[in-house]
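For reference, the structure is listed below as structure tokens.
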């Protein structure tokens, strides 16, 4: 049983490195920005700000 837990942990760590980890963070940010962009007047400004922040997170060297 202990070996299974260690295997699952190591597999998770391998999958959550680099690009996948940043995508897990940025996809919800981008979806939230898309929803916010519907709001008149301030929606596009908020969307652009969120998208810019997501770009910065994507550029983090992991």
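Full extension of the chain segment joining residue 57 with residue 39 gains 4.0 nm, where the gain is 0.36 nm per residue of separation less the Cα-Cα distance. Axis angle, to the nearest 10 degrees, between helix 2-15 and the longest C-alpha principal axis of the chain: 40 degrees.
Note on the chain: helix-only mean residue ellipticity at 222 nm, from DSSP H runs of 4+ residues weighted -39500 (n - 2.57) and normalised by residue number, equals -26500 deg cm²/dmol.
Axis of helix 43-58 versus longest Cα principal axis of the chain: the two differ by about 30°, to the nearest ten degrees.
In the chain, the longest principal axis of the Cα atoms and the axis of helix 18-36 are about 30 degrees apart.
Laboratory data are not the source of any read-out in this text; all were calculated from the coordinates shown. The shown structure was predicted, so the numbers you read here are calculated from the model rather than taken from an experiment.
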